[in-house]
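Accompanying notes for the structure given below.
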Amino acid sequence: MDAFCYRDGELYAEDVPLAQIAASVGTPCYVYARSQLIAAYRTFEAALAGQEALVCYAVKANANLAILATFAALGAGFDIVSAGELERVVAAGGDPRRVVFSGVGKTGAEIERALAHDILCFNVESPAELDRLDAIAARMDKVARVSLRVNPDVDAGTHPYIATGLKENKFGIALAAARDLYRQAARYPHLQFMGVDCHIGSQLTELRPFADALDRVLPLVAELRAQGVPIRHVDVGGGLGIRYREERPPTVEAYVGQVREQLVAHGLADLALLFEPGRALVAAAGVLLTRVEYVKSTDTKHFAVIDAGMNDLIRPALYGAYQVIQTVRARADTPGLDYDVVGPVCESADVFGRSRHLRLQAGDLLVIRDAGAYGFAMASQYNARPRPAEVLVEGNRFAVVRTRETLADLWRGESLPGWEAPL
């Protein structure tokens, strides 16, 4: 589904004109369609019917409390990478017993907090982390449930910044080393080894890398079970891509269907499945709503200078990512031109799109599509720019779910040293 559609030449979010949100909230702001979040989750749920499974939303994609509360109400689990994300889940009404904790650098304090919340599972990424987790669990008189994140050395065919399953990446444990650690489970009296985890990257647009990774991981699971290690689940990670431009990613149904077929082929149909989708659940459900401040032409270029900057949405600058840019109101009174859509930040990388054919004038509203994932989550205050508001739409109503930062928020928590220095 697409919750962002034109009606009589005007772009809506569900049943709310985006121009109405801009007039009420200002720009730039992020706008999320709740119906699309729900539909995306239910697509996974339907594909997994009859299978013991848990869909753990990857919080890093978008950690707004309203987003988390929506998924919590649907019964989702959550994939976290920090104590801050855990506390956000809890604050939004999520069940910590449906949380898996990933990441290579869990601190002692974060482990303690997660154990206090009795989370479902730690996805462990190194022998040193196992030692630390066992020691902290012993001190707290707890038993920590763990999976080892296995690095299958599979090329995901994605951007190198978001590839995580190659042996040169910092993530996970090599297959052979993981096998030895599972066999040494008795060394860790305060750990319960219950699963195997594998995540190879983000924005994957083919099934083959997923299949290759599982074909390396599932024999390990079968071997461990045969040796008496009670593996209960396999966590296949996230990474399913979306269509930003011309990509043709597999459907959720095809992706889940392949995973289930591989379980059967390896004699592991009784295993529970964990999925960690992020982008696939939230990207298409959000847009960045922005206004054209200036139209500028040179001898070689036309520029549309907007009020959103790379501090608000860094994906194009960081990854060279392509995202569709649309006008909120169709114009017939202005010729179409090829514009570089750029922001106000003092960096040449502050470009959202090059040579985009648009009909626009100064003051017009634009949207940058598919901005629900890694948009606000990666926003900053660079150039002393307050971060934008976030808005959630449901039907014909909308609510501000994060207020726009004020100028005073820019120095909140800062202080002068309190002494007089000679000039």
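Mind checking whether some residue in region 398-410 is over 27 Å from the mean Cα position of the chain (by Cα) and closer than 24 Å to residue 306 by Cβ?
Looking through region 398-410, at least one residue is over 27 Å from the mean Cα position of the chain (by Cα) and closer than 24 Å to residue 306 by Cβ.
Hey, among the residues in region 178-225 that are in a helix (DSSP H, G or I) and among the aromatic types (Phe, Trp, Tyr), which one's surrounded by the most Cβ atoms within 10 Å (Cβ to Cβ)?
Start the filter on region 178-225 by keeping residues that are in a helix (DSSP H, G or I), which leaves 178-183, 185-187, 208-225.
So of that shortlist, the ones also among the aromatic types (Phe, Trp, Tyr) come out as 182, 210.
Details: 182: 18, 210: 23.
So the residue we want is 210.
Looking only at region 95-137, count every residue that is touching a residue at least 60 places away in the same chain (Cβ under 8 Å) and assigned to a helix (DSSP H, G or I) and tell me the total.
So the count comes out to 1.
I want to confirm something. Restricting to region 226-247 and keeping residues that are farther than 30 Å from residue 368 by Cβ and of a type in the set (A, V, I, L, M), which single residue is surrounded by the fewest Cβ atoms within 10 Å (Cβ to Cβ)? Can you show your working first?
The initial filter retains those residues of region 226-247 that are farther than 30 Å from residue 368 by Cβ, namely 226-236.
Next, only the ones that are of a type in the set (A, V, I, L, M) stay: 226, 229, 231, 234, 236.
Working: 226: 8, 229: 17, 231: 20, 234: 26, 236: 26.
Filtering first and then ranking leaves 226.
Residue 86: touching a His at 6+ places or on another chain (Cβ under 9 Å) and either surrounded by fewer than 24 Cβ atoms within 10 Å (Cβ to Cβ) or not in a loop (DSSP other than H, G, I, E, B) (or both), yes or no?
Details: touching a His at 6+ places or on another chain (Cβ under 9 Å): yes; either surrounded by fewer than 24 Cβ atoms within 10 Å (Cβ to Cβ) or not in a loop (DSSP other than H, G, I, E, B) (or both): yes.
So residue 86 fits the description; yes.
What is the number of the single condition among (1) more than 22 Å from the chain's Cα centre (by Cα); (2) among the aliphatic types (A, V, I, L, M); (3) more than 13 Å from residue 305 (Cα to Cα); (4) modelled with pLDDT of 95 or more that residue 368 does not meet?
Checking residue 368 against (1) more than 22 Å from the chain's Cα centre (by Cα); (2) among the aliphatic types (A, V, I, L, M); (3) more than 13 Å from residue 305 (Cα to Cα); (4) modelled with pLDDT of 95 or more, the one that fails is (1).
Suppose we keep only residues that are free of Cβ contacts under 8 Å to residues at least 40 places away in the same chain and over 25 Å from the mean Cα position of the chain (by Cα) within region 1-16. Which one would you say is nearest to residue 371 (Cα to Cα)? Even if it seems obvious, please write down each step before you answer.
Filtering region 1-16 down to residues free of Cβ contacts under 8 Å to residues at least 40 places away in the same chain leaves 1, 5, 7-8, 12.
Next, from what is left, pick out any that are over 25 Å from the mean Cα position of the chain (by Cα): 7-8.
Working: 7: 21, 8: 24 Å.
Looking at residues that are free of Cβ contacts under 8 Å to residues at least 40 places away in the same chain and over 25 Å from the mean Cα position of the chain (by Cα), I get 7.
Of all residues being of a type in the set (D, E, K, R) and in contact with a Leu (Cβ under 9 Å, 6 or more places away or on another chain) in region 227-272, which is nearest to residue 354 (Cα to Cα)? Just the residue, please.
Here the answer is 235.
Tell me which of these residue 239 doesn't satisfy, since it passes every other one: (1) in contact with a strand residue (DSSP E or B) (Cβ under 7 Å, 6 or more places away or on another chain); (2) more than 24 Å from residue 326 (Cβ to Cβ); (3) not assigned by TED's automatic domain parsing to the domain that holds residue 147; (4) not β-branched (Val, Ile, Thr).
(3)
Determine, yes or no, whether residue 244 is outside the structural domain of residue 316 (by TED's automatic domain parsing), touching a strand residue (DSSP E or B) at 6+ places or on another chain (Cβ under 7 Å) and within 30 Å of residue 325 (Cα to Cα). It would help to see each step written out before you state the result.
Numbers: outside the structural domain of residue 316 (by TED's automatic domain parsing): yes; touching a strand residue (DSSP E or B) at 6+ places or on another chain (Cβ under 7 Å): no; within 30 Å of residue 325 (Cα to Cα): yes.
No; evaluated as a whole, the condition is false for this residue.
From the list 395, 343, which one is within 19 Å of residue 320 (Cβ to Cβ) and of a type outside the set (D, E, K, R)? Walk me through it before giving the result.
Details: 395 fails: within 19 Å of residue 320 (Cβ to Cβ).
Residue meeting the stated conditions: 343.
For region 21-38, how many residues meet the condition of being closer than 14 Å to residue 367 by Cα and over 25 Å from the mean Cα position of the chain (by Cα)?
2
Kindly provide the set of residues from region 244-266 that are in contact (Cβ under 8 Å) with a residue 60 or more places away in the chain and among the basic types (Lys, Arg), ordered by number.
Matches in region 244-266: 245, 260.
The values are calculated or read from the model by the stated rules, or taken from the named source; none is laboratory data. A quick note: this is a predicted structure, and the numbers were derived from the prediction, not measured. Heads up, the Cβs are rebuilt from the backbone with ideal geometry, glycines too, and the neighbour counts pull from every protein chain shown.
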